[in-house]
1. Based only on other Cβ atoms within 10 Å, what is the fewest-to-most ordering of A:Leu167, A:Leu210?
2. For B:Arg109, B:Arg13, A:Arg126, which order do you get if you count the other beta carbons within 10 Å of each Cβ and list the fewest first?
3. Just to be sure I understand: of the beta bridges DSSP finds with both ends in the stretch B:134-216, what percent are antiparallel, rounded to 5?
4. Please work out the Cα center distance from the stretch B:66-143 to the stretch A:145-197, rounded to the nearest Å.
5. What list of ³J(HN,Hα) couplings, whole Hz, do you get for the stretch B:127-138 from phi and the Karplus terms 6.51, -1.76, 1.60, once you set θ to phi - 60° and write x for glycine and proline?
6. Taking R0 as 60 Å, what's the FRET efficiency between A:Tyr212 and A:Val12 from their Cβ-Cβ distance, rounded to 0.05?
7. Quick check on my link table: of B:Lys50/B:Lys110; A:Lys99/A:Lys216; A:Lys99/B:Lys77, which ones sit more than 19 Å apart, alpha carbon to alpha carbon?
8. Let me check against my output: what whole-number percent is the relative contact order of the stretch B:36-214, with C-alpha pairs under 8 Å and at least 6 apart?
Amino acid sequence: MARLKKLLLLLVPPLVLVSGIAYSAITSPKAYEWKEPPLSDNSLAIQAQRKLAPVSEDEEKTEGKVTKKGKKKSQRAANFKGPYIVIDTHTNRIYWRTKDEILYEALCSTGTGSELVDTVGGRVWRFHTPRGVFAVESRATEPWWRKPDWAFIEEGEPIPNNPNDRLDSEVMGDYAIGFGDGFFIHGTLYERLIGVAATHGCVRLAATDLDYFYKKITMGTPVVIF
Amino acid sequence: MATCSPISRYLARSVHVAALAVAIWLASPTGAWAQEPIDSVLMATLQRFKGDTIYHVRVDTRDSTFRIHLGEVPLLKCRFTVLDESDVRSYSDAWSEKRVTGWQSVTKRKVWSGRPAVSDTVVGVVAKVSKVDPELISRVMPRRFVVDLTDDFIIRVMTVEGAGEERSFEEKMGQFQQNWIPFMRQPHLDVVVTEKDAQTLYYALEPGTPIVLIDK
């Protein structure tokens, strides 16, 4: 009996210890709770997986048609023989680079990824910066912003009937570089917010950086956003 | 972020290893092991990416860089230092054994340690000006994180700043499994990068991103 007790005394503590560790591994909260950032609808990773996934012949045909028709003029025009712009929406950085080296790097602000619902008309806007390959389609100095409907809805103001009431000469900085679909690289009144995802989809730069990019780009310069 | 408990992972891995052993035993007499050289598979993989705008990350062990690409267009390059050079060899070997498609995909990311990339004050101001949820615009500067790939491959990324920080229980358990329990050992690559590159990599390696390994 005494031997059995000794044996139990030897066996039980390690057993309790091991089961305790196992139990805590299963039940204890993580020492460092982490919230995974949500994948946006225009995630390039998701697009990549869709392209890599095997598809049936019919699907391939349909997808091919959609892609061909859906491809924007700016996306088809991009060619990478010279320098190009790269925008990292995750870390809010913009690069001017060639295939071999980065020539200039700056902080920028990209889309928040938030959503705005027009409670009256039922319209929904998602403020993502689009991802993919684009090209510079327009260049403007001292640009004016023609405020879209959402800008008024967001402020809780009535949408004006007079088109001139939509114009704002202050907010876009010295230059605007259009890369399609109404998206621009432009300046801002709030430079201290550069580096944070804070826009409605456009890319905001500090005045000096905007000046650099404006002087470097030409029509057709590729803009790659990821 | 859903995670399996170590016990269930152990059981799953044991079953997996047993099934693999049976598969090896079944396949070996037929000579099904004859595989084409790694270069041709890699070339075929890159060929598939070429001309298309597939967003992917190349792990280039020749010059120790992560290369973020969109098709053939280089976007960013992040240099890394390998913690243990012998890991690279075993990682490459395991990769070539598993290769069916030539690439693996990111399945999930786990941050072990990090700090806010933007101060709460700035986030608060931006949230107020932009009228958005502060959580949407806050970003984290990860200092130690792990990226899980398909076929049980993992990449553990650490910054110099993060090396000295205290490890979480979950990370300690993961390290214990890696070091001491053979059945639970996953092919791993432990690398050190700068803090800025860690941030870029963490967000660039979204779940679903294809990863290509370029071997020495």
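1. Numbers: A:Leu167 11, A:Leu210 25.
Least crowded to most crowded, the residues run A:Leu167, A:Leu210.
2. Values: B:Arg109 22, B:Arg13 19, A:Arg126 15.
Lowest count first: A:Arg126, B:Arg13, B:Arg109.
3. 45 percent
4. 32 Å
5. Listing the rounded values in order: 4, 5, 5, 8, 6, 10, 5, x, 5, 5, 9, 6 Hz.
6. In this case the efficiency is close to 0.25.
7. Details: B:Lys50/B:Lys110 30 Å; A:Lys99/A:Lys216 16 Å; A:Lys99/B:Lys77 11 Å.
Exceeds cut-off: B:Lys50/B:Lys110.
8. Details: 311 pairs, mean separation 53.9, N = 179.
For the stretch B:36-214, the relative contact order is 30 percent.
Read the figures in this text as sums done on the coordinates, not as results from a lab. Model, not experiment: these values are computed from the prediction. For neighbour counting, all protein chains shown are included, and Cβ atoms are generated from backbone atoms with ideal geometry for every residue, glycine included.
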